[in-house]
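The values are calculated or read from the model by the stated rules, or taken from the named source; none is laboratory data. From a predicted model like this one, the values you see are computed outputs, not experimental measurements. Please note: Cβ atoms are built from the backbone with ideal geometry, for glycine as well, and neighbour counts cover all protein chains shown.
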Amino acid sequence: MKTFLKNLDATVVGLTALVAVITSVSTLFGFPIIKSDNYAPVTLLLLAAIGVHLVVGHFLGDDFQQDTIQLLEKLDREASSLAVHMFKDSAEIESHLARAVLQAKTSVCDLSWKNRISAGFSASGRQLSHGYMDRCIAEASDRIAYREIFVFNDNRRVEKLQRRLSEQKKGYSCRYFPKDNAIPRLQFVLIDDQEVLFFASAADSPLCSITSPEVCKVFRSYYEALWAAALPIKEGPTVYQTQIDRILASVERNKPPKTSEN
């Protein structure tokens, strides 16, 4: 219908212009092709043609407006694919991560390596959210590939590793970097290459997630480079016991000496 109206409008405008030009030129040069008695009906005919053009143009204008609205809505949807969500604290971002892990369809890429675990880790609300997140990770590791990279600069990470190993989930794999250093490390989790969640790497770090496949590509490439450089602890069903023994021995060596009681 739109194509028909466009063709009709072009034909009407073309014929109107042609008749007007021929009439004007012929009259100007003294050989009018239209007799003066017929000026009134010809004028009415041209006005009617202009009226048809205006009516058709109105409908085409409505179509253009509708197309424009649809295009703007599409652009808005695409722009909204870069969704940034801010979290007020660690418990909130852990709860969000737990839900995202449960809903993940293909993969999760996790980093457990920031220099210092937050001071509020032992708070009751944080323990609840962290426990829920742990259960969600265990459930997801039965369905999808869950990969995690560690730096064991805190005994709680060793406990976390031991929990993961005891679960014996076929989809769970992990690696580690044996040496710690003072370089600040950005800690993030990738969900299905669609969403990246950022955890605090310093006391004043904002907690947020970004939903954007394009942004996730950047962090996925970085994660793959880290994964290739890290030492394997568990690859699906394969466990590297030698590495586990080294980690546990290192933790024992770094424990502070016990003080005697008087």
Number of positions in segment 164-185 that are under 26 Å from HIS96 (Cβ atoms), touching a Leu at 6+ places or on another chain (Cβ under 8 Å) and at pLDDT below 95: 1
Hits in segment 207-233 (condition: among the small types (Gly, Ala, Ser) and outside any loop (DSSP other than H, G, I, E, B)): SER209, SER221, ALA225, ALA228, ALA229
Residue in segment 182-197 that is assigned to a loop (DSSP other than H, G, I, E, B), closer than 22 Å to PHE87 by Cα and among the hydrophobic types (A, V, I, L, M, F, W, C) present: yes
Identity of the residue in segment 149-177, outside any helix (DSSP H, G or I) and of a type in the set (Gly, Ala, Ser), that ends up surrounded by the most Cβ atoms within 10 Å (Cβ to Cβ): SER173
Yes/no for SER129 being small (Gly, Ala, Ser), within 23 Å of SER250 (Cα to Cα), assigned by TED's automatic domain parsing to the domain that holds ASP245 and under 27 Å from the mean Cα position of the chain (by Cα): no
Residue check for VAL108: of a type in the set (A, V, I, L, M, F, W, C), outside any helix (DSSP H, G or I) and either modelled with pLDDT of 90 or more or exposed (fewer than 15 other Cβ atoms within 10 Å of the Cβ) (or both): yes
Set THR259, THR242: member being at pLDDT below 95 and polar (S, T, N, Q): THR259
Residue selected from segment 227-256 under the condition touching a Cys at 6+ places or on another chain (Cβ under 9 Å) and within 16 Å of VAL108 (Cα to Cα), by the criterion surrounded by the fewest Cβ atoms within 10 Å (Cβ to Cβ): GLU235
Inter-residue pairs, beta-carbon under 8 Å, first without any contact (Cβ under 8 Å) to a residue 24 or more places away in the chain and in segment 82-95, second of a type in the set (Lys, Arg), 6+ apart: none
